[in-house]
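Working notes, structure below.
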Amino acid sequence: MLFGFVTVSSSYISFLFFSYKRNERMESQWREKRVYPVLGIFLLLSLLYFNFNNNLSFPALLWQPNMGFVSTNSTQFIIISDYGDKEPSPLYVNGWNSYWLMEESVWTPSRSKVSKMLKRGAQMGLTVCRTWAFSDGNAPNALQLSPGVFNERVFQGLDYVIVEARKNRIRLILSLVNNLNAFGGKAQYVRWAQEAGVNVSSSDDSFFSNPTIKEYYKAYIKAIVMRKNSISRVRYSEEPAIFAWELMNEPRCASSSSASVLQAWIIEMAAYIKSLDKKHLLTVGLEGFYGLNTTNKSEVNPGKWAALLGSDFIQNSAVDNIDFASVHAYPDSWIPDADFEAKADYLSLWMDSHVSDGDFVLRKPVLFTEVGSIWHVNKKGANDRDILLKIVYDKIYDWAKKRQAGAGALIWQLLVEGVEEYSDQFSIVPWDYPATYKLIQEQSYRLQNLSIASRKNTEVHRTDP
C-alpha cells in the first residue's frame, strides 16, 4: 500500500481532542507541550479540508493500492511491477463497459452508484472497465463547454471515477471523443469551428482533416492527459489505474471510403498522445471493419456497407504508436435478419479473423472492447445472449492458453440499479440474471488461474540452473 493522506471525520477529531483533555492531569509537562500543538495543527488542517476541500491545493489523505502499469509483449498484455523487482506478469482481460461513470460522479449523491458498479465488477473478478472521458457541448454535465474550456465540477467527477477504480483494482480504458452525436461527439467540434468563423465543410468528417478542429482535439487531449487528480493528486499520465487511452469511440469517415483521411488522423493523434504520455497504452477504438483495400477480407465484414465507412482494421491498427487493436462485435445489430445459428457462426468467424490478424499481421494484442447481444429466450428455454457470450469467452480462454493475440473481451454494458436512463437493448444489471452473472464470474476465475499458472511457470524457469 502507498501512504497517502487519510480522511478523518470531524467526530473522530473531537473524540481525540476531548480524550486528551480528560487525561491532561495525568500527563507530564514535556508531553503536554509536544502533543497539543501537533493535535491543534491536525485539527486545523482537518477543518480546512472539510469546509474548503474543493479550493485547497492539497487533497484529503488517501490510501491507494499499488498497481503496475500495463504494457505489451508482442501479442500479450503484461503488467510491469511498480517496484521493478519482478518479472512482468501476463494479463488476460475479462472486463465490461459502463460509459456513464463520469456522468454519475458529477453529483455527490449519485456517486454511490459508481462505487457500487466498480465494487461489484471487482467481485465478479472483472479487471478492466471501458468508460467515456468526454462530454462536449452545453449539456448540464458537459466536461468541455467550448474548445479548451472545462467544467471543473465534471472534471472532479472523472477524478472520482479514477480513484474508485484504483481502490477496487480496476483498470480503465478512457475514450476521448465520440464518433456519434451522443455527448457532443465529432459533430460538436465541427459546430464550434463554424461558430468561430472557420471555413469548414458542413460534413462531420471534417473533424479528421480541418487544422483548427484538430488543434481543438489536441488541446483536449493535453488537458486530459496532464490533468492532476483533485483527490489523489496523481497526474492522469502517471496513474496506473488507467489501462489505456482510446482515440475515439467507433471512428468512421464515410466521406472518404479509401480510409486515407482517417488513417492520417490516427497517425497524427497517436503521435501527439505518445509525446505527452509514454506510460499508457493507446488504441484506436475501431469496430473492426475491413476496408476496400484489404484483400481477401471483404467476406468477413457483416455486409458491403462496412467497407464504405472509411475505416480499415488492419491499416488503422498497424500504426506504430497504436499498442493494441480494438474490435467490437454486435451480430444482432449487424446481421439482424439472420437466424441465431447464423449469428453464432458469424461471431465465431469475426473473432477468428481478427485474432489471426493480430498473430500474423499486426503482431499486437487484440481486445474485443464491446461485445453485445440482445436478451432472447429461445424455444429450448436457453438465453441466446448467454450462448453468444459463452462463444466469446471460450475463444478468449483457448487463445489465452495458447498465448495467441486474443487478449480479452469487454461486455457491453453493465448497469446498477438507479441508472436505467443509460440503458439500451444490450444493457443488463448482471445480478438480476444469475446465469449470466455466473458465466461472467467463471470466465474471470479461469483467466486469473491461467495468469497465476503462467506466472509460476515463468518463476520456475527463472530459478532453473
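Structure data summary
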| quantity | calculated |
| --- | --- |
| Neighbours by Cβ (under 8 Å, 6+ apart or cross-chain): first from the stretch 188-217, free of Cβ contacts under 8 Å to residues at least 24 places away in the same chain; second of a type in the set (Asp, Glu) and assigned to a helix (DSSP H, G or I) | 190/204 |
| Residues (touching a helix residue (DSSP H, G or I) at 6+ places or on another chain (Cβ under 7 Å) and in contact (Cβ under 8 Å) with a residue 40 or more places away in the chain) located in the stretch 331-353 | 331, 332, 340, 343, 344, 346, 347, 348, 349, 350, 351, 353 |
| Failed item, numbered, when residue 368 is tested on (1) in contact (Cβ under 8 Å) with a residue 60 or more places away in the chain; (2) buried (at least 24 other Cβ atoms within 10 Å of the Cβ); (3) not polar (S, T, N, Q) | (1) |
| So residue 292, is it within 30 Å of residue 334 (Cα to Cα) and within 18 Å of the chain's Cα centre (by Cα) | no |
| One residue from 357, 394 being of a type in the set (D, E, K, R) and without any contact (Cβ under 8 Å) to a residue 12 or more places away in the chain | 394 |
| Test result for residue 241, aliphatic (A, V, I, L, M), farther than 25 Å from residue 328 by Cβ and modelled with pLDDT of 95 or more | no |
| Of residues in the stretch 74-87 being more than 20 Å from the chain's Cα centre (by Cα) and either of a type in the set (S, T, N, Q) or outside any loop (DSSP other than H, G, I, E, B) (or both), the one nearest to residue 373 (Cα to Cα) | 74 |
| Only listed residue being open to solvent by 10 Å² or more (accessible area, probe 1.4 Å), at pLDDT below 95 and assigned to a strand (DSSP E or B), chosen from 37, 59, 90 | 90 |
| Count of the stretch 180-216 residues which are within 25 Å of residue 277 (Cα to Cα), open to solvent by 30 Å² or more (accessible area, probe 1.4 Å), assigned to a helix (DSSP H, G or I) and in contact with a Ser or Thr (Cβ under 9 Å, 6 or more places away or on another chain) | 0 |
| Test: residue in the stretch 144-156 that is within 30 Å of residue 430 (Cβ to Cβ) and touching a helix residue (DSSP H, G or I) at 6+ places or on another chain (Cβ under 8 Å) | yes |
| Inter-residue pairs, beta-carbon under 6 Å, first over 11 Å from residue 135 (Cβ atoms) and in the stretch 145-161, second open to solvent by 10 Å² or more (accessible area, probe 1.4 Å) and β-branched (Val, Ile, Thr), 6+ apart | 159/231 |
| Qualifying residue in the stretch 452-465 (condition: under 24 Å from residue 334 (Cβ atoms) and either in a helix (DSSP H, G or I) or modelled with pLDDT under 95 (or both)) | no |
| Selection from the stretch 404-435 of residues that are part of a loop (DSSP other than H, G, I, E, B) and exposed (fewer than 14 other Cβ atoms within 10 Å of the Cβ) | 417, 418, 423, 424, 425 |
| 1 or more residues open to solvent by less than 10 Å² (accessible area, probe 1.4 Å), in contact with a Gly (Cβ under 6 Å, 6 or more places away or on another chain) and not charged (D, E, K, R): qualifying helices (runs of 4 or more DSSP H) within the stretch 285-362 | 313-317, 340-357 |
| Failed criterion for residue 219 (all others in (1) within 20 Å of residue 251 (Cβ to Cβ); (2) surrounded by 15 or more Cβ atoms within 10 Å (Cβ to Cβ); (3) aliphatic (A, V, I, L, M) hold) | (2) |
| Selection from the stretch 94-108 of residues that are assigned to a loop (DSSP other than H, G, I, E, B) and either among the β-branched types (Val, Ile, Thr) or open to solvent by 40 Å² or more (accessible area, probe 1.4 Å) (or both) | 106, 107 |
| Number of the condition not met by residue 231 [criteria: (1) in a helix (DSSP H, G or I); (2) open to solvent by 10 Å² or more (accessible area, probe 1.4 Å); (3) more than 25 Å from residue 308 (Cα to Cα)] | (1) |
| Conditions (1) touching a Ser or Thr at 6+ places or on another chain (Cβ under 9 Å); (2) modelled with pLDDT of 95 or more; number of the one not met by residue 398 | (1) |
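The values are calculated or read from the model by the stated rules, or taken from the named source; none is laboratory data. From a predicted model like this one, the values you see are computed outputs, not experimental measurements. Positions of Cβ are generated from backbone atoms using ideal geometry, with glycine treated the same way; all protein chains shown enter the neighbour counts. Note: areas computed on protein heavy atoms with side chains; ligands, DNA, RNA excluded. Shrake-Rupley method; radii C 1.70, N 1.55, O 1.52, S 1.80 Å.
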